[in-house]
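Here is the structure we will look at, set down as structure tokens.
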């Protein structure tokens, strides 16, 4: 769907985009086509789409021949989607995706509301899937793929990397959406993998949350903070000095794992 088609459909149904809910509609069919192509869909795939809106992306997903489960919280859009795509290969779920158990699916392809980027990403990763193509705010995407030592490197980077390999496929200008958001966007590909580090998951993520609240400070200070706010106790004598003297945002996941495996919950 292009800009004129999008505006016409919204007018016909008396809908004004709700910016608070992140209703910015993709109006470049070429981008939607590239997103679906990047997902490498097959006829046997079940695809989850979160926030399909008017169906700009749904249209291209269905053209691949797969089955689609679309979760949309706005009943007005559910009505439009039913009218546009009268097919038994599209299952529509009218719900807030953060308040339901996710259905079974193989691939996720979505232009998600940016306000739920972080919680939704981890909900998807915890659920498990084969691959995904998602659109995020560019700043968020940079944090997802950041490496140790880069300023954007954060607990989000560590957490996402624990679950998956992630790459930015392309950046999107605001003019490709209606209404144009105030931020640039990025199409991101996510391919989940088994954990590459052997850790107690609960201890590891508590340690990450605690230390990255002071990511510019030394690891030694970060461990002390993690004890105070997350209840993680680490005997500093067990950790190599060269690691303790690093800044938290310079730590590789394997180094965080080393600390984590010397830690205990208190």
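The values are calculated or read from the model by the stated rules, or taken from the named source; none is laboratory data. Keep in mind that this is a model prediction, so the values were computed, not measured. Here Cβ is always computed from backbone atoms with ideal geometry, including for glycine, and neighbour counts include all displayed protein chains.
Failed condition for residue 130, given (1) loosely packed, with under 13 Cβ neighbours inside 10 Å; (2) over 23 Å from residue 208 (Cβ atoms), with all others met?
That leaves (1) as the condition not met.
Taking the condition part of a loop (DSSP other than H, G, I, E, B) and either in contact (Cβ under 8 Å) with a residue 12 or more places away in the chain or over 10 Å from the mean Cα position of the chain (by Cα) (or both), does residue 129 pass?
Here the answer is yes, as residue 129 does meet what is asked.
Does residue 109 satisfy being touching a helix residue (DSSP H, G or I) at 6+ places or on another chain (Cβ under 7 Å), in contact (Cβ under 8 Å) with a residue 40 or more places away in the chain and outside any helix (DSSP H, G or I)?
yes
Within region 6-23, can one find any residue that is surrounded by 16 or more Cβ atoms within 10 Å (Cβ to Cβ), touching a strand residue (DSSP E or B) at 6+ places or on another chain (Cβ under 6 Å) and at pLDDT 95 or above?
yes
Which of the residues spanning region 229-254 are crowded, with 17+ Cβ neighbours inside 10 Å and over 20 Å from residue 151 (Cα atoms)?
230, 232, 234, 239
Residue 121: in a helix (DSSP H, G or I) and buried (at least 19 other Cβ atoms within 10 Å of the Cβ), yes or no?
So residue 121 passes the test.
With closer than 30 Å to residue 17 by Cβ and buried (at least 20 other Cβ atoms within 10 Å of the Cβ) as the only criterion, which of 186, 257, 226, 263 stands out?
186
Any chance you could count how many residues in region 174-208 are in contact (Cβ under 8 Å) with a residue 12 or more places away in the chain and in contact with a strand residue (DSSP E or B) (Cβ under 9 Å, 6 or more places away or on another chain)?
Result for region 174-208: 22.
When the residues of region 189-205 are narrowed to those that are in a loop (DSSP other than H, G, I, E, B) and touching a helix residue (DSSP H, G or I) at 6+ places or on another chain (Cβ under 8 Å), which ends up surrounded by the most Cβ atoms within 10 Å (Cβ to Cβ)?
Only one residue fits best here, namely 199.
Of 83, 59, which residue is farther than 26 Å from residue 182 by Cβ, assigned by TED's automatic domain parsing to the domain that holds residue 173 and more than 22 Å from the chain's Cα centre (by Cα)?
None of the other options fit; the residue is 83.
Return yes or no: is residue 38 under 21 Å from residue 184 (Cβ atoms) and assigned by TED's automatic domain parsing to the domain that holds residue 170?
yes
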